[in-house]
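One structure is given here, and the rest of the page talks about it.
Just so you know, all these numbers are worked out from the coordinates, no wet-lab data involved. Predicted, not measured: the structure shown is a model, and the values here were computed from it. We place every Cβ from the backbone using ideal geometry, glycine too, and count neighbours over all the protein chains shown.
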Amino acid sequence: MLQLLAKRACITNQQTFNFSKSIVRNSYYLVIPELPPTVEGSDAVFHSESFPSFEHASPQAVVSGGLRLCSQIDTAIQQHVDKLAHESSKPKFESIFHPIEDYNIPFETGYYTIRQLALVRQRAFAKLFSKFDSHFSAHREFRFQDPVLFNLIQSLTTDENSTKLKDWQKTLMNTYIYYGKLNGCHLKNEELDQMQMVNGKLNQYQYSFAQKVLYANKTFSHLELDPFAFDDVPYHIKQQFAVDKAKPDSGPWKIDLSDRTFHTIMSYCGNRPLRKLMFESYYGRASPTVDRLNRNVENIVEIIRRRKTIAKYLGYSSFADIILLSKMARTKETVQDFIETTRSKLKPIHDENIRQLTSYAQEKAKKPKEYEQLQSWDIAYWRQRQCQDLYSSLKIDSLHISRHFSYDNVLQGLFNFVEFLFGVKFQPESNFDEQNKWHNDVQVYKCTENGATIGHLLIDAFARPNQKSEICAGLAGRDLCQRHNILPVAYLNMSLPRIEGTATLMNLSQLKEMFFTFGRVLQVLLTRSPNHELSGIRNVETDALDIVPNFFLQWLRDPSILSYISQNIETKQVLDATIYNRALNQIDQHMIAHDVLRQLYLSALDLELHSNATNYYDAMAKLWSLFTPVPLHNRDFHPCSFEQIFSEQLASAYYSHKWSEMIACDLFNAFKEVGITDKDRVAALGKRFRETILARGGTIGMQELFREFRSRDPSYEHYVQRLTTQF
């Protein structure tokens, strides 16, 4: 989102490409690279109408093809707009948008291909993608930065034939107009120049913010020499940090500040001083506790100030008002109501959870005075210990549960469930060229509806250490284009451990990841958007993006799903519903109020900063105690490393994660209302869900689609009920 505010497409010093040609037009410029020579294989890799040939993917081919795509789309759109501007007749919707759609297809498909290579061939492509990502973003926004195109599209809204336009056409036009205004296309030259200067500085401060957090991560290193520090840490975690991997029990252990390391130490290390050190280091990154040159304090002040200035230029009272216009929630009052309603219901439960956890820590540590007040670095560790005791008291055997969920059976069961709910089938694709796979592990399925193929799914399920990312992700490989009969392609990447000759078993965490990402896959494959730019998740609001993935998680939590995905690898029996409910709902939901309130606090902090431009520390002090009884530590400066809102794309939209969960709960409750066991009524409702939420997502606002499906506005009741139910 923040890139969309950039009138000037800046190439930062992160990039190593050489640029020598500038295009000057309409009082701004975009730096375009000279076309590199075509490298053998690049055409095969970047082929948008068929599958990319991953066999031909080399770094040289990717650089050549990627740069050509970026240059070609800018040149093509520029020439297209110039031609429209000089035509004597008034342009129509088709004459404006059809060519842009044609230019956009190879560009976005190429980007998806590079992104997938970065995930499945990390060594060769991860760093390359990190350089390409912002580069593609700058070129992607070029069409929203042209005042001529902006005025041409705006003229369509006042045309006498505008009433004949379809809803999806109006959505596409409104999208261009909204982002055009964010880029100042409607401003006079003097105002535009002033806003560009402010935005140029904003980009610099945002970049500086990210770099200082990165510097803090890179420069921190701790060598733990105390041989007893890792006494109660599981063996595989000791081995992860041990300097000598062959002797993980004796140390020393080398610790960094990566997110994974931090959360692992917080959850499993019984050494309280070490936990405190890690906490202060992690939440002290780029804070007032470090030397002045490496602090983010000034960056935060300047980012907030310049965002507020941009809001004034665009005619809004706050930055949050601008951003929320394009979200499902629409207004900050709606978001604040959601946060406060949920907070007020969860806070008493959370207070009691902390009281019980304090008593538990005092008993187990046998140090009642030391643990009279739990600190922020104590919660995750004692929560994990309490959860393990809960496993034992409820007689939950995680291995026994996993033996009921083999990967092959879960995948086929998921396919069967989707066929029942949405009427689409997934079948192995027999006619698939091997050169279009990036690895022999890749499974290829065609998605069919009423006998016709409507898309393809490529699954890469198994881990390849040091070669492939461990991230579980459902991604677009290509978006639907009805005009050219280009079918969508989705990628499903997982990282399941595999032992040759035995069934791959899945734990509950892996099941949750799989169901969540499969929801994303369906968003890509089941779209029926008439326009490529509105298909899949392309135009879905940020706070609605995870609704379908979270909707699938709700199904996983319901025992009715067991008949589809559960089968013991030896006895073939389905897992007992009582055991499943205890494991996935009672234990998995253990102290869930703590997690939700933490996210709601950060959401409230985000809104406070971007609505009232409050000093970040004053905002922390104002909000902290409303969400937790755990005291705010005097060296906790978490806003100084809050990259999601200060250097990434969630400014004024951090609430989106929890909002999506809330909407998903409401949608799932519609199925509970008709009776989960009534298959005919559930199937009928599933068809409605497919025809509204899935088929039309992106072509019309999610708020309107929700109202059409539920015949009312969203209710927080079902979300709060799920979070507060004592299983």
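Relative to the 2.2 N^0.38 Å rule of thumb, segment 468-560 has a C-alpha radius of gyration ratio of 1.24.
Do any trypsin sites (Lys or Arg not before Pro) in segment 164-200 lie in a DSSP loop with no more than 10 other beta carbon atoms within 10 Å, and if so, which?
LYS188
Sorting the segments 716-725, 607-616 by their mean number of nearby beta carbons within 10 angstrom, highest to lowest, gives 607-616, 716-725.
Report the trypsin sites (Lys or Arg not before Pro) located in segment 602-666 that are in a DSSP loop and have at most 16 other Cβ atoms inside 10 Å of their Cβ, or state none. Before the final figure, lay out each step's value.
On the way: sites: LYS622, ARG635, LYS658; in loops: ARG635.
Within segment 602-666, the qualifying trypsin sites (Lys or Arg not before Pro) (loop, at most 16 other Cβ atoms within 10 Å) are ARG635.
Rounded to the nearest 5, the antiparallel percentage of DSSP beta bridges internal to the chain is 75%.
When the Cα atoms of the chain are aligned to their principal axes, the ranges along those axes come out at 85, 63, 54 Å in descending order.
Given a Förster radius of 51 Å and the C-beta distance between ASP680 and THR341 as r, what FRET efficiency does 1/(1 + (r/R0)^6) yield to the nearest 0.05? That gives a FRET efficiency of 0.90. Rounded to the nearest 500, the 222 nm mean residue ellipticity of the chain from helices alone is -17000 deg cm²/dmol, with -39,500 (n - 2.57) taken per DSSP H run of at least 4 residues. Computed from the C-beta positions of LEU632 and SER89 and an R0 of 51 Å, the FRET efficiency is 0.20 to the nearest 0.05.
Inter-label distance, THR453 to TYR178: 3.5 nm, where each label sits 7 Å from its Cα along the C-beta direction.
What FRET efficiency comes out for the pair GLN154/SER50, r = Cβ-Cβ distance, R0 = 41 Å, nearest 0.05?
Result of the calculation: an efficiency of 0.65.
Summarising the label geometry, the points placed 7 Å from Cα in the beta-carbon direction at HIS98 and ASP576 lie 6.5 nm from one another. Pairwise Cα separations in segment 396-555 fall into 10 Å bins from 0 onward with the following percentages, short to long: 10, 38, 37, 13, 2, 0.
Please give the contour-minus-distance gain from GLU352 to SER560: 0.36 nm per residue of separation, less the Cα-Cα distance, rounded to one decimal in nm.
71.7 nm
Extension gain, GLU191 to GLN443: 0.36 nm times the residue separation minus the Cα-Cα distance gives 85.3 nm. Taking each residue as 0.36 nm, the span from LEU225 to GLN384 lengthens on full extension beyond its C-alpha to C-alpha distance by 54.8 nm. Farthest towards the positive end of the charge dipole of the chain, among the residues TYR178, MET197, PRO99, is the Cα of MET197, using unit charges on the Cβ of Lys, Arg, Asp and Glu.
Projection of the Cα convex hull of segment 547-604, averaged over all directions and equal to a quarter of that hull's surface, yields 5.1 nm². Near THR289, once Lys and Arg are set to +1 and Asp and Glu to -1 for all other residues with Cβ below 12 Å from its Cβ, the sum equals +1.
Just want the ordering: HIS456, HIS263, HIS236, HIS638, from fewest to most Cβ atoms lying within 10 Å of their own Cβ. Working shown, then result.
On the way: HIS456 22, HIS263 13, HIS236 8, HIS638 19.
Fewest to most other Cβ atoms nearby, the residues stand as HIS236, HIS263, HIS638, HIS456.
Taken along its principal axes, the alpha carbon cloud of segment 220-284 reaches lengths of 33, 19, 18 Å, longest axis first. What whole number of Å gives the distance from the Cα centroid of segment 490-505 to the Cα centroid of segment 414-434? If we compute the Cα centre of each part, the gap is 18 Å. Over 26 Å apart at the Cα level, from the set LYS181/LYS308; LYS166/LYS446; LYS188/LYS308; LYS170/LYS658; LYS366/LYS658, are LYS166/LYS446; LYS170/LYS658; LYS366/LYS658.
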